[in-house]
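See below for the structure under consideration.
The values are calculated or read from the model by the stated rules, or taken from the named source; none is laboratory data. Because the structure is predicted, anything quoted here is derived from the model rather than measured. FYI the Cβ positions are ideal-geometry reconstructions off the backbone, even for glycines, and counts take in every protein chain you see. Heavy atoms of the whole protein, side chains included, go into the accessibility calculation; ligands, DNA and RNA do not. Shrake-Rupley method; radii C 1.70, N 1.55, O 1.52, S 1.80 Å.
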Amino acid sequence: QSILSLALDTVKKIDVPRKHISELSEISEAQAKSGDIGGAFATLKLIKHAYWRSGPLKYIANAQADAGHIQAALATVKRIEDADERSYPLVGIVQAQLKAGDLKAAFTTTKMIKDANYRSYALSYIGEAQGKSGNIEAVLATLNMIGDKDLRSDALLEIAKALLNAGHNRAVKSIITGVIQPVKNNKRARPDSYALSEIAEMQARAGDIK
């Protein structure tokens, strides 16, 4: 009998309703994180309150996405009643779709993300994939989909970091040139100095100082 199974047996003996439900939620989350999707769903059935079900559902969706079961993951996300709570697992689904090479689906899923911060994370992953394929204009267009300047600068930094770590130094140079040059109607705001200085330091560490 596994540790989580023993924990579940113990929790069933707790006669304090709130404590009982919270412990069941934690066990279901742990089962999902360990990849035991079936066990996580079985424990989830014991949780009657929607608030305590959202946590396990998020991690179950992540586990499904990691396993490549993207449609199942999307169906699980739909079971989360709070739209804001869906944002976290949707980012994981975007990553899985990009891993599968389905850029169009990744964009579709990103549109479902309500929280601006999580949406910018998803767009940065998309920009990273576009940069690795050498499509610099697409990267710039993706960055422009992030309305908040600070979030856009953060996304630029994450994209540059990932590309430099993967050896795509030339792509990073082209992206930086694209984001700082004047653009018609001023649609592309210049990223903040912190992001640019951080990228310059990473380029220097990578030996790309020209």
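Selection of the range 88-129 for residues being farther than 23 Å from Gly55 by Cβ, in a loop (DSSP other than H, G, I, E, B) and among the acidic types (Asp, Glu) yields only Asp102. Answer yes or no: is there a residue in the range 178-199 that is surrounded by fewer than 16 Cβ atoms within 10 Å (Cβ to Cβ), modelled with pLDDT of 90 or more and not in a helix (DSSP H, G or I). No; the residues of the range 178-199 include none that is surrounded by fewer than 16 Cβ atoms within 10 Å (Cβ to Cβ), modelled with pLDDT of 90 or more and not in a helix (DSSP H, G or I). Scanning the range 152-174 for residues that are open to solvent by 30 Å² or more (accessible area, probe 1.4 Å) and either of a type outside the set (Lys, Arg) or under 19 Å from Asp115 (Cβ atoms) (or both) yields Arg152, Asp154, Glu158, Asn165, Ala166, Gly167, His168, Asn169, Ser174.
Looking at Ile146, Ile113, just one residue is within 14 Å of the chain's Cα centre (by Cα) and β-branched (Val, Ile, Thr), and that residue is Ile113.
Applying the criterion of being assigned to a loop (DSSP other than H, G, I, E, B) and of a type in the set (Asp, Glu) to the residues of the range 62-87, the residue that is least open to solvent (accessible area, probe 1.4 Å) is Asp82. The residues of the range 130-147 that are touching a residue at least 24 places away in the same chain (Cβ under 8 Å) and assigned to a helix (DSSP H, G or I), listed by number, are Gln130, Gly131, Lys132, Ile136, Glu137, Val139, Leu140, Leu143.
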